[in-house]
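One structure is given here, and the rest of the page talks about it.
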Amino acid sequence: MHEVSIALALVEQVKAHRPAGRRVLAVAIEAGAMQAIEPDAMAMAWESVVAGTELAGVRLDLTRLPYRLRCETCGREWAAQDMFAACACGSETTLPTGGSELRLVSLEVEDELATATQT
């Protein structure tokens, strides 16, 4: 289950990018189809690695991105759910040009007013 290693790396990225003194509420990531991330497994891995830490209870929002393909025959590029999708021109000679992305997109943090009233 490679989702655990992804979740561990994500925790480090969240800690490095969160504003000082602010509580993280949610983390949004995008993952290309080649990452083969199973949403339920990723949710379980995230909950497991943040349990007992300052990130416990932080929501993880995963957006899965499609493959990006390019036709070797006509040069057309498009998004597809199937890496072996044939081109509209009929050619089956396609190459993936995207789908391996894995990005931390955003952090939702508690606003300063809420943080100030809790202290």
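The values are calculated or read from the model by the stated rules, or taken from the named source; none is laboratory data. Bear in mind that the values here come from a model prediction, so they are computed numbers and not experimental data. A quick note on method: Cβ atoms are made from the backbone with ideal geometry, for glycine too, and the neighbour counts reach across all protein chains shown. When the accessible area is computed, the model is the full protein with side chains, heavy atoms only, and any ligands, DNA or RNA have been set aside. Shrake-Rupley method; radii C 1.70, N 1.55, O 1.52, S 1.80 Å.
Between amide H atoms placed 1.01 Å from N, distances below 5 Å from residue 54 occur with no residue 5 or more places distant or on a separate chain. Summary value for the chain: 35 percent relative contact order, contacts being C-alpha pairs under 8 angstrom separated by 6+ residues. Calculated accessible area for the chain comes out at 60 Å² per residue, all protein chains present (probe 1.4 Å; ligands, DNA, RNA ignored).
Nonpolar atom fraction for the chain, defined as the carbon and sulfur part of the 1.4 Å probe accessible area, stands at 51 percent. In terms of the mean number of neighbouring beta-carbon atoms within 10 Å, the peptides 22-28, 86-92 order highest first as 22-28, 86-92. Along segment 76-82 the Karplus relation, 6.51 cos²θ - 1.76 cosθ + 1.60 evaluated at θ = phi - 60°, assigns HN-Hα couplings of 4, 10, 7, 9, 8, 7, 10 Hz to successive residues, with x for each Gly and Pro. Here are a few candidate values for Rg and Dmax of the Cα atoms in Å: (i) 18.6, 64; (ii) 14.8, 53; (iii) 22.9, 85. Which one was actually calculated from the structure I just gave you? Only one listed value fits the structure, namely (i).
In this calculation the C-beta distance from residue 47 to residue 111 is compared with R0 = 22 Å, giving a FRET efficiency of 0.35.
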